[in-house]
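The values are calculated or read from the model by the stated rules, or taken from the named source; none is laboratory data. Since the structure is predicted, the reported quantities are computational estimates derived from the model, not experimental observations. For neighbour counting, all protein chains shown are included, and Cβ atoms are generated from backbone atoms with ideal geometry for every residue, glycine included.
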Amino acid sequence: MAQIPSFHSEAQFHTPRARSIREVVFGVNDGLVSITGIIVGVTFSRMSSHQIIIAGLAAVIAAAISMGLGQYLATSAQNEYFRAERQREYREVKEIPQEERAEVEGIFRTQGYNADEVHILTARVTADPDRWVDFMMKEELGILLDSLDSPWSTSLVMGAAVVVGAAPPILPYLLISTTHVAEAWAIACAIVVAFGLGVLKAKVAKSSWWKSGLQFLLVTAAAVVIGALGGTLLGRVFG
C-alpha cells in the first residue's frame, strides 16, 4: 500500500535555520557597510575623534533600532498573510471540496504516483480537514505554519546582527587616538570581516567561497569610497 509522504519534516528542519542565517548575514552586512561608510565619511570631513565616535555610535543605535523594527513589522505582516491563506484554504475545502480534491490528485500525479496510489493518497489526505489544509498550504503555496518566525525574536536577531557588523569599523576609534591611523585600521577590519562574511554565506549556500567573499568585499569597498568622497566634499563645503 502506498505510504503518505511526509510533508513537513525536511522543510521544518531547514527553513527556520535558513531564515535565521539570512537575517544574521543581512544584519551584519548592513551594519558593516553602512557604519563603515559613515565612519569614513565623517573622518574625511575632518571631524575630531570624539565627534567621529559620537556620530558612529548614534548611527549604530539608529540602524539597529530601524532594522530591528523593520524586521518585526515584516515578520508580523508575513505571519498575518500566512494565517489568512490558511483560513482561505479552510473555506475552499468546505465550500468547493471537489475542486480542492482535484487539486490534491493533480499534485500527487505530478509527483509520479500512479492512478491507484493517487486515489489512496488523496483519500487519506482529504479524510481529515486539518491534514487537507496543511497539505494544500505546503504543496500548493509552499507555506508551513509550524515554522512561523516570532516577530520579537527575529527583530532582536536583526538588531544584534547590525551591532555586531558595526563593531569592526568603530572599535579602532575607541582604541586608537590618532584619527587617520584609526581610520586605516577601521577600513582594514571592515574589509577582512566583509570577506569572511561572504565566505560564511558561501559555506551555508554551498557556493564558491572566493566569489562570495569578493562580492561582500566589493560592496564594503564601495561604501568606503563613497564615504570618503562624500566626507571630503562635505568637509570642503562646510569648512
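Picking from Gly198, Gly235, which residue would you name as being small (Gly, Ala, Ser), surrounded by 15 or more Cβ atoms within 10 Å (Cβ to Cβ) and at pLDDT below 90?
Sole residue among the options that is small (Gly, Ala, Ser), surrounded by 15 or more Cβ atoms within 10 Å (Cβ to Cβ) and at pLDDT below 90: Gly235.
I'm checking my understanding of the structure. Among residues of segment 149-165 that are of a type in the set (A, V, I, L, M, F, W, C) and touching an Asp or Glu at 6+ places or on another chain (Cβ under 9 Å), which one is surrounded by the fewest Cβ atoms within 10 Å (Cβ to Cβ)?
Val157
So if I check each of Tyr90, Tyr72, which one is assigned to a helix (DSSP H, G or I), at pLDDT 95 or above, of a type in the set (Ser, Thr, Tyr) and closer than 20 Å to Val163 by Cβ?
Tyr72
Look through segment 58-91, keep the residues that are buried (at least 16 other Cβ atoms within 10 Å of the Cβ) and acidic (Asp, Glu), and return whichever of them is farthest from Trp132 (Cα to Cα).
Checking each candidate, the answer is Glu85.
Restricting attention to segment 127-142, which residues are surrounded by 17 or more Cβ atoms within 10 Å (Cβ to Cβ) and either among the hydrophobic types (A, V, I, L, M, F, W, C) or farther than 15 Å from Arg83 by Cα (or both)?
Once the filter is applied, which keeps residues that are surrounded by 17 or more Cβ atoms within 10 Å (Cβ to Cβ) and either among the hydrophobic types (A, V, I, L, M, F, W, C) or farther than 15 Å from Arg83 by Cα (or both), segment 127-142 yields Trp132, Val133, Phe135, Met136, Met137, Glu139.
Among the residues of segment 201-230, which ones are surrounded by fewer than 18 Cβ atoms within 10 Å (Cβ to Cβ), farther than 30 Å from His50 by Cβ and in contact (Cβ under 8 Å) with a residue 24 or more places away in the chain?
Answer for segment 201-230, where residues must be surrounded by fewer than 18 Cβ atoms within 10 Å (Cβ to Cβ), farther than 30 Å from His50 by Cβ and in contact (Cβ under 8 Å) with a residue 24 or more places away in the chain: just Val204.
Do we find a residue being more than 30 Å from Leu32 (Cβ to Cβ) and not in a helix (DSSP H, G or I) anywhere in segment 170-183?
no
Is it the case that Leu121 is in a helix (DSSP H, G or I) and closer than 20 Å to Val25 by Cα?
When the stated conditions are applied, Leu121 does not pass them.
Consider Thr122 carefully, then state whether it is among the polar types (S, T, N, Q), more than 29 Å from Leu197 (Cα to Cα) and either crowded, with 21+ Cβ neighbours inside 10 Å or touching a Phe, Trp or Tyr at 6+ places or on another chain (Cβ under 7 Å) (or both).
yes
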